[in-house]
Amino acid sequence: MHKSAEIKQLLATHNLRSTRARSLILGLLLHENRHYTPDEMLAELKNQGKPLSTATLYQNLRQLTDKGILAKFSGKNSVLRYDINTEEHNHIVCTDCGRVLDVNLEGSLDHLIPKPLPDTKSDLAQWLVATKHLEFKGVCPDCQKV
Ligand SMILES: [Zn+2]
Ligand SMILES: [Zn+2]
């Protein structure tokens, strides 16, 4: 599907009007599996000659998150990042610049079972595990060059 049609449909499904700001934000996040911070979004849109004001950006990010179109999470140095993939999934994080990518796993997490640390009293065995999430850390190609 063409990206602008995909964005219109995504907004319509969640009863949100298609506006310039929302289209720009979703256009960025649908692009190349990026997980932008608000500052990165402002800079990137300015770069593209389609600037948004900080207030407009934050207002729309809040609306898109409230509707469940976007997920937010805390990345490197607790900086807030936005993700268009709202399903449970796994990330790799660059330890230098903080860039985040989604990753698929070869193999399954189903066989991984959390065990208590040795020699500790723990009620871990009584916990009900709901989801499993894995975070990979590494250095992205851009940061390897410097
Ligand atoms: Zn990096
Ligand atoms: Zn993600």
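Pull up region 30-57, narrow it to residues that are among the hydroxyl-bearing types (S, T, Y) and surrounded by fewer than 13 Cβ atoms within 10 Å (Cβ to Cβ), then point me to the one that is nearest to R81 (Cα to Cα).
Our first condition is that a residue be among the hydroxyl-bearing types (S, T, Y); within region 30-57, this holds for 36-37, 53-54, 56.
Retained after the next criterion (residues that are surrounded by fewer than 13 Cβ atoms within 10 Å (Cβ to Cβ)): 53-54.
Details: S53: 18, T54: 15 Å.
Among them, the one singled out is T54.
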For region 59-115, what are the residues that are at positive phi and either assigned to a helix (DSSP H, G or I) or of a type in the set (A, V, I, L, M, F, W, C) (or both)? N77, S78
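It is to be established whether one or more residues within region 116-130 are under 30 Å from S23 (Cα atoms) and either within 21 Å of the chain's Cα centre (by Cα) or exposed (fewer than 12 other Cβ atoms within 10 Å of the Cβ) (or both).
In the first step, residues of region 116-130 are kept if they are under 30 Å from S23 (Cα atoms); the result is none.
Looking through region 116-130, none of the residues is under 30 Å from S23 (Cα atoms) and either within 21 Å of the chain's Cα centre (by Cα) or exposed (fewer than 12 other Cβ atoms within 10 Å of the Cβ) (or both).
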Residues of region 133-146 being free of Cβ contacts under 8 Å to residues at least 40 places away in the same chain and surrounded by 10 or more Cβ atoms within 10 Å (Cβ to Cβ), in sequence order, are Q144
Tell me whether region 21-29 contains one or more residues that are outside any loop (DSSP other than H, G, I, E, B), in contact with a strand residue (DSSP E or B) (Cβ under 7 Å, 6 or more places away or on another chain) and buried (at least 19 other Cβ atoms within 10 Å of the Cβ). yes
Quick check: is even one residue across region 67-79 touching a residue at least 24 places away in the same chain (Cβ under 8 Å), assigned by TED's automatic domain parsing to the domain that holds H14, surrounded by fewer than 15 Cβ atoms within 10 Å (Cβ to Cβ) and within 16 Å of ligand 1 (Cβ to nearest atom)? yes
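The values are calculated or read from the model by the stated rules, or taken from the named source; none is laboratory data. Predicted, not measured: the structure shown is a model, and the values here were computed from it. Ideal geometry is used to build each Cβ from the backbone, glycine not excepted, and the neighbour counts take in all protein chains shown.
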